[in-house]
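Okay, structure first, notes after.
The values are calculated or read from the model by the stated rules, or taken from the named source; none is laboratory data. Please read these numbers as outputs of a predicted model, since none were measured by experiment. For neighbour counting, all protein chains shown are included, and Cβ atoms are generated from backbone atoms with ideal geometry for every residue, glycine included.
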Amino acid sequence: MKKLTNHFAALGKDFYTELAPQGIPNPYSVCVSRAVADEIGLSEEWLISFEALQAFAGNIAPEGSQPLASVYSGHQFGLWAGQLGDGRALLLGELETTNGNFEIQLKGTGRTPYSRMGDGRAVLRSSIREFLCSEAMHGLGIPTTRALAIVGSDMLARRETNETTAVVTRVAPSFIRFGHFEHFAYRGENEQLKTLADYVIERYYPECLTTRELAANPYAALLAAVSSRTALMVAAWQAVGFCHGVMNTDNMSILGLTIDYGPFQFLDGFNPAHICNHSDEQGRYAYNRQPNIAYWNLFCLGQALMPLIEQIEGSSDAAQASALAALEGFKSEFPAALQAKMQAKLGFPDSQDGDKVLIEDILKLLAKERTDYTIFWRTLSTSVATNNFEPARDLFIDRAAFDIWLGQYQPRLQAINGWEGSAHVACSNLMLSSNPKYVLRNHLAQTAIERAQGKTDGVKDFSEVARLLKVLETPFEEHADCQALAGFPPDWASHLEISCSS
Ligand code: AMP
Ligand code: MG
């Protein structure tokens, strides 16, 4: 690995605690992502070396690393939770690559001053889920932190039962969260708040300084830019049927990346009110609440940035107006982004009157029948491609209801300019590249986890993790030898209980 630098460390001691990782004994490689390695310029030779294994385990420090746990706060389940922080993650530093700078973080390397009651460890189960989902989201074209490697160890951690532990190496341009801003705002530490905001603007949102109309108030411009990115991220989640499960403000990336994969789930049968997190008794983070929660979280970020916005605006009234205006974009950008995604799922190259109703109607029907969300959209795509709608119709009990919808949808398609010529192929290609064949359903992850744990026959078998990774990296392709991964979930999948415990 090239020598690391650590720009975050330059922010100063108020932002973190420096400490060395507590590695895991006798680590073994569970999986590595060659795609991530390529992106950040790590050679194949190094990736499979003993040195890499020990570095991913936290047992040796890569050259130039300056490990630290950052401090943040946040709102959890709607309530102010006070100080949190990297309780089990350590930022090692930053790699400068031809694709930009990437921070390297280890998750599961022992207690930090921010661990509270936790043990600082991550179990293999949740590490496999995080690793695979990070790369699955990337494969789907959804902004996310990435995962480079998982290494496991026979060292145990206590959860509901004893489980073996692991370390995930995460990669992202930055791991800064809304909660980092809330932390300093809540404490009235405006100087640190400004240092943090200036750092984020300079490195990740330079347009807030260089574009004349934004530079008038770069902090309000930052809020608007984060709102836009968050709107795009959540629209992508909704379109693909992804539930995050724990949208606390400390799990919201300032770069609009999906971060902190815990009890996430891709919808099986379409239930808009689906709650994937077993610990979320009120359903605060239900699938259909995610957009509103994202806005609520952005509002918290706005409140945190208020002292900086006010310093420029001169009065609290003007600052409030400015912050609200910055947040306003979300209210139009989110629905516009979602509408565009849904249009593409239906194969429409442009938007027309009546499309909204077509989308609403099919979602209502899917909800009424709890039709499998991923399978429906993929089947519709192949139905359009082959001009045979029987497989799509077969997904419904109320076929007459589907036919009524189809009676609106087909004429809309056929009216597309050039339908009899190249437009048909273009539309079905749009659908096939918008409606994935493969998503990381809970039961797929669970099967890979149980094999990796050696639960079936006592032998730790990581091949299913690798197989899933390969398919999920290109989820819009057919993968003829992996058809079973695109099938309906088995009955036992609905009994899986995924909670915050990881
Ligand atoms: P999460 O719900 O996973 O986003 O975690 C919320 C907070 O709890 C973060 O500050 C985490 O770092 C911390 N945390 C979660 N699990 C552990 C653990 N096993 N050990 C220490 N801290 C943890
Ligand atoms: Mg978290």
Note on region 156-182: residues within 18 Å of Arg88 (Cβ to Cβ) and part of a helix (DSSP H, G or I) are Gly179, His180
Counting only residues that are of a type in the set (Val, Ile, Thr), in contact (Cβ under 8 Å) with a residue 60 or more places away in the chain and away from ligand 1 (no atom under 16 Å from the Cβ), which one in region 170-203 is surrounded by the fewest Cβ atoms within 10 Å (Cβ to Cβ)? Thr195
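Restricting the search to region 224-263, which residues are part of a strand (DSSP E or B) and more than 16 Å from ligand 1 (Cβ to nearest atom)? I'd like the intermediate steps shown before the answer.
Step one: list which residues in region 224-263 are part of a strand (DSSP E or B), which gives 242-243, 253, 258.
Answer for region 224-263, where residues must be part of a strand (DSSP E or B) and more than 16 Å from ligand 1 (Cβ to nearest atom): just Phe242.
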Of Asp250, Asp198, which residue is within 16 Å of ligand 2 (Cβ to nearest atom) and either modelled with pLDDT under 95 or more than 20 Å from His443 (Cα to Cα) (or both)? Asp250
Exactly one of Gln343, Gln320, Gln339, Gln352 is over 30 Å from Ala415 (Cα atoms) and either buried (at least 17 other Cβ atoms within 10 Å of the Cβ) or not acidic (Asp, Glu) (or both), and that residue is Gln320
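Hey, does region 264-274 have a residue that's within 15 Å of ligand 1 (Cβ to nearest atom) and within 12 Å of the chain's Cα centre (by Cα)? First the steps, then the outcome.
First pass over region 264-274, keeping only residues within 15 Å of ligand 1 (Cβ to nearest atom): 264.
If we keep only those that are within 12 Å of the chain's Cα centre (by Cα) too, we end up with 264.
Within region 264-274, one or more residues are within 15 Å of ligand 1 (Cβ to nearest atom) and within 12 Å of the chain's Cα centre (by Cα).
Kindly indicate which of Leu308, Leu298 is closer than 19 Å to Leu214 by Cα, assigned to a helix (DSSP H, G or I) and within 18 Å of the chain's Cα centre (by Cα).
Details: Leu308 fails: within 18 Å of the chain's Cα centre (by Cα).
Testing whether each residue is closer than 19 Å to Leu214 by Cα, assigned to a helix (DSSP H, G or I) and within 18 Å of the chain's Cα centre (by Cα) leaves just Leu298.
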The conditions are (1) within 28 Å of Val71 (Cβ to Cβ); (2) surrounded by 16 or more Cβ atoms within 10 Å (Cβ to Cβ), and Val30 fails exactly one of them. Which is it? (1)
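Taking helices (runs of 4 or more DSSP H) that fall entirely within region 31-105, which contain at least 1 residues that are under 14 Å from Arg170 (Cα atoms)?
On the way: elements: 34-39, 44-47, 50-56.
The qualifying helices (runs of 4 or more DSSP H) are 34-39, 50-56.
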First in region 73-99 and within 18 Å of His7 (Cα to Cα), second anywhere and part of a strand (DSSP E or B) and among the basic types (Lys, Arg), Cβ under 8 Å, 6 or more apart: Ala89/Lys107; Ala89/Arg170
Taking region 257-273 and keeping residues away from ligand 2 (no atom under 16 Å from the Cβ) and under 28 Å from Arg88 (Cβ atoms) leaves Gln265, Phe266
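Hey, could you check region 130-143 for residues that are touching a Pro at 6+ places or on another chain (Cβ under 9 Å) and in a helix (DSSP H, G or I) and say which is nearest to Asn442 (Cα to Cα)? Steps first, please.
Looking only at region 130-143, we keep the residues that are touching a Pro at 6+ places or on another chain (Cβ under 9 Å), and these are 136-137, 139-140.
Now drop any that are not in a helix (DSSP H, G or I), which leaves 136-137, 139.
On the way: Ala136: 13, Met137: 14, Gly139: 17 Å.
The selected residue is Ala136.
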Would you confirm whether or not region 399-411 contains a residue that is within 16 Å of Met342 (Cβ to Cβ), outside any helix (DSSP H, G or I) and in contact with a helix residue (DSSP H, G or I) (Cβ under 9 Å, 6 or more places away or on another chain)? no
